[in-house]
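Taken together, the values in this text are just the output of simple stated rules run on the coordinates, not laboratory data. Owing to the predicted nature of the structure, the values given are computational and were not obtained by experimental measurement. Cβ coordinates were reconstructed from backbone atoms using ideal geometry, including for glycine residues, and neighbour counts include every protein chain displayed.
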Amino acid sequence: MKKVLSAVIAVTLLLTLTLTASALEPGEGADFYVYDETGLLSEATKNEIYDLNGRLEDQYGAQLVIVFLNYFGATDPDELAVSLFNDWGVSENGMLMVVSVKEQTGSMTVGDKITRRFTVSDMDSYFEKYFVDDFYDGKYDSAVMNMSTQLALWYDSEFGGSTAEVPPSYTTPNDPAPGFFATVLSFIMRNIVVILLVCAVIFIIFRADRRRYRGYYSGMGMPMPRYYPWFIFMPRHPYHRYRPPTPPRPSPPRNSNRGAGGFGGFGGFGGFGGFGPSSSRPSSSRPSSPRPSSPRPRGGGMGGRSGGSVGGFGRHR
Amino acid sequence: MKKLLNDRRLAAGVLAVAVLVFTPLGAKLSLQRAVNKVQRGLAVEEYISDSVNAARNLVTLGSSLGLDVETDTLRDYMTACEKLGDNASPKALAQANRDLASAFEDLRSAIAGQELSERDAESLELYTNAFTGPQAAIGRESYNEDVDKFMTGTYDKFPASLIGSLLGVDPPEYFN
């Protein structure tokens, strides 16, 4: 019975292998560069990718194709990327990225002409740096725009042109560090409450001390006490004081419930909290979801006709 | 009372009992937690749900063609899948999905054997793709590999092997 079931499932999968490959036809015009089966990408993003591709083709003859699917189907993601690259005739120094939104994985392949320049580890690194965070958070437009901008920057750096227009909101690898005054100002703005509190405490201490000084000054012939500006932090008698030996403590009377209990005393001041990092980004805002820290490694060097190496990412769901 | 509190032998005995009781208890809880964590790694509910949706469309197509037997069978397995809650065991999920896939294939074959209009043929292809996408994703799930890793790396090793067998901590179920 098990064998029959396995055979049935195998036949189904085999059938869809053919169906999946034939189902994906390249789009016309802008749709060629962004094939969006999911409908999750905005028109603005598609237009941006289309414009970017115009500049890439003009300057380098390169194409950057992005395929957004619900499921990969029966085909392995890496194989699908290579077969789409070849079937759709992407240029030999182009790139094709295929992503499954439901499976939360993706793959990428590049043409033969740039296989040695843009390696599998580069693909993994670009996915990890510029794509997966937004993608896993469901910010698909941002993920796609960030990734394609960075890939265009890679073309610019490799071939010496300028196709990428980096929008200010997107992360760039060489973001300049904030200057000294910006850091100080940012620190003050974020800790304004604590700073005001500290100033208020200092003001109250000085004011109280001045009142005490005036009180003694107006007294008739009384000697002025020694002035301790930081009296609350310093010992009044910094010398060693002789203490007689403690007499044995008398045992308390039994059933003694007469008289008031002793005064418990004050607790000490708590210390100040430490200062946060100067960056405005929270240090750890991500929940500890089962997502692995590094993307799933993929094998490289798959020899397609044009699609050379394949890189990708994925996570446990 | 004071004498009891000062009795070193008694204190040592109490400590020994506490260690003997609480150490295995703590170890059992830790192992159980690790097993549960592995089992929570299986995330196929969405895939099964998408498969059921595709099957529902196929049922509609099958009903319109008068294929009542196959349609009813698939409908039964769809209901069984939908009844599985979030806490369904991997084995139960796998069984339900296998039954669903088998019934889907039966109905698909029956429909394909009919004389279909162009529109019905297109629908059949569409629903088949919609079904096999999530099924292939289930096939790519790395859950069983994770269970293997856990078994060889933790559960089958001392002391987890001893704790598991003595204190009744079952290993994580495979999805098959």
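The spacing between region A:82-152 and region B:1-56, judged by their C-alpha centroids, is 43 Å.
Taking each residue in A:136-146, count the Cβ atoms of any other chain within 10 Å of its Cβ, then average. What number comes out?
0
Here is the size of region B:11-107 from its Cα atoms: Rg then Dmax, 22.7, 81 Å.
Sorting A:107, B:165, A:91, A:100 from the fewest to the most surrounding beta carbons within 10 angstrom yields B:165, A:91, A:100, A:107.
What's the exposure ranking of A:188, B:48, going from fewest to most Cβ atoms within 10 Å? Numbers along the way, then the final one.
Values: A:188 10, B:48 21.
With the sparsest Cβ surroundings first, the list reads A:188, B:48.
Could you pull out the pairs from A:102/B:83; A:139/B:83; A:113/A:139; A:129/B:157 whose alpha carbons sit more than 27 Å apart here?
On the way: A:102/B:83 22 Å; A:139/B:83 32 Å; A:113/A:139 32 Å; A:129/B:157 37 Å.
Beyond 27 Å between Cα atoms: A:139/B:83; A:113/A:139; A:129/B:157.
Which of rounded, prolate or oblate describes region A:60-167 when judged by the alpha-carbon gyration tensor and an a/c cut-off of 1.5?
On the way: a/c = 1.90, a/b = 1.19, b/c = 1.60.
Since a/c reaches 1.5 but b/c is at least a/b, the shape of region A:60-167 is classed as oblate.
Where does each of A:78, B:106, A:58 land when they are ranked from fewest to most other beta-carbon atoms within 10 angstrom?
Working: A:78 23, B:106 18, A:58 11.
Least crowded to most crowded, the residues run A:58, B:106, A:78.
For residue A:66, the amide hydrogen comes within under 5 Å of the amide hydrogens of A:34, A:35, A:97, counting only partners 5 or more places away or on other chains and with H modelled in the peptide plane.
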